[in-house]
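The values are calculated or read from the model by the stated rules, or taken from the named source; none is laboratory data. Everything numeric in this text was worked out from a predicted model, so none of it was measured. Neighbour counts run over all protein chains shown; Cβ positions are idealised from the backbone, glycine included.
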Amino acid sequence: MKESSDGFVRADQIDLKSLDEQLERHLNRALTMEKSKKQRNSDDNILVTTAAAASANATATPIGKASNFLKKQRQDWEIEPSKLVIKSVIARGTFGTVHRGLYDGHDVAVKLLDWGEEGHRTEAEIAALRSAFTQEVAVWHKLDHPNVTKFIGATMGSSELHIQTENGQVAMPSNICCVVVEYLPGGALKTYLIKNRRRKLAFKVVVQLALDLARGLSYLHSQKIVHRDVKTENMLLDKNRTVKIADFGVARVEASNPNDMTGETGTLGYMAPEVLNGNPYNRKCDVYSFGICLWEIYCCDMPYPDLSFSEVTSAVVRQNLRPEIPRCCPSSLANVMKRCWDANPDKRPEMDEVVSMLEAIDTSKGGGMIPGDQPQGCLCFRKHRGP
């Protein structure tokens, strides 16, 4: 496990094999010391067979305690599987599903990851999934902010996991692991925007949603966490329409050297030019993605709906393509968008500055997006697009 010069541990380099080896060595030493102690204290007048049996029984207890203690210390995010009830599926992904559930009587969302117990994936793929899981847990379980989905716990494979069905409970393969987080009934921000695609959102609502997201990202960056997949689909709403950042599957601790962070990680339409181009990047890639999200929240539309991946990549990187800002968009909000999606990462503001800019916007006079099919509407906004 490597540590950067400023004292932050990179979550994607947690070495579980090394931890297991350390645990085994510790237990072996404990066993040897316990046996020596029992031998010294044994009574010469006691039968050898009786002494041996007593020694064996006495040895088992401290070893078990040591094992449980070390496991607890090593996995402080571990849940108690017997307290978890997994119910219906609410979302599906490439490597697993998200379910409704109950943990210790509380409503939760359960993200199940399938590690391929039945041989459908290679060892390399399973190792990658294990790494992604430990990375997500290492990042998420330390976070505490009103605009970040609350992490409850996780388990790295357990035979005690069950899914509740109409016909009773079905046991899960022991290789499946899960992440348990608070359940947010408002669903994804993207779904909310799609529902308001025609009538749009009041300006006060636009700024409030943007502020929630900006404050959450500002907090992550203060913890040296780069989300790397900021998009409205990864933002959830609670019952009060508060935005909470979710899905830390590709999040990582920011490297002190930008050259250590490369690769096209993210989602088409939200990825910064430097990420699309495979160049070194830092937390400013999240700022770019926020700018795209801000446009999406204001317009209740999706960026570049008619362009392919290659077309978007080429246009964003080489032609400075950005979503078209409607003329009816207040300049105070348009300015935030433009600064956030500047082609030069160094010219983009920090997220705490974005929070200040949004807080300074006067929402009392309206200024929300007006549907294009209304006579007084914004003529620059084309007919509704998107899914």
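Okay, here's what the table says:
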quantity: Residue match in the stretch 252-260 (condition: at pLDDT 95 or above, among the hydroxyl-bearing types (S, T, Y) and out of contact with any helix residue (DSSP H, G or I) (no Cβ under 7 Å at 6 or more places or on another chain)); calculated: no
quantity: Matching residues, the stretch 66-103, being assigned by TED's automatic domain parsing to the domain that holds A154, at pLDDT below 80 and within 18 Å of G153 (Cβ to Cβ); calculated: G96
quantity: Residues that are over 15 Å from G368 (Cβ atoms) and aromatic (F, W, Y), drawn from the stretch 195-224; calculated: Y219
quantity: Those residues of the stretch 196-213 which are surrounded by 21 or more Cβ atoms within 10 Å (Cβ to Cβ) and among the basic types (K, R), in sequence order; calculated: K200
quantity: Qualifying positions in the stretch 285-308 - within 16 Å of D342 (Cβ to Cβ) and hydrophobic (A, V, I, L, M, F, W, C); calculated: C285, V287, F290, I292, C293, L294, W295
quantity: Counted residues, the stretch 331-364 - those being outside any helix (DSSP H, G or I), loosely packed, with under 14 Cβ neighbours inside 10 Å and small (G, A, S); calculated: 2
quantity: Output for the stretch 233-248, where each listed residue is on the phi > 0 side of the Ramachandran plot and either surrounded by 18 or more Cβ atoms within 10 Å (Cβ to Cβ) or within 14 Å of the chain's Cα centre (by Cα) (or both); calculated: D247
quantity: Neighbours by Cβ (under 7 Å, 6+ apart or cross-chain): first from the stretch 180-195, surrounded by 20 or more Cβ atoms within 10 Å (Cβ to Cβ); second at pLDDT 95 or above and part of a strand (DSSP E or B); calculated: L184/L237; L184/K244; L189/L237; L189/V243; Y192/L237
quantity: Residue check, F151 at pLDDT 80 or above, more than 23 Å from I126 (Cβ to Cβ) and assigned by TED's automatic domain parsing to the domain that holds G105; calculated: yes
quantity: Those residues of the stretch 290-305 which are among the hydroxyl-bearing types (S, T, Y) and without any contact (Cβ under 8 Å) to a residue 60 or more places away in the chain, in sequence order; calculated: Y304
quantity: Residues within the stretch 189-231 that are more than 24 Å from P330 (Cα to Cα) and part of a loop (DSSP other than H, G, I, E, B), tallied; calculated: 5
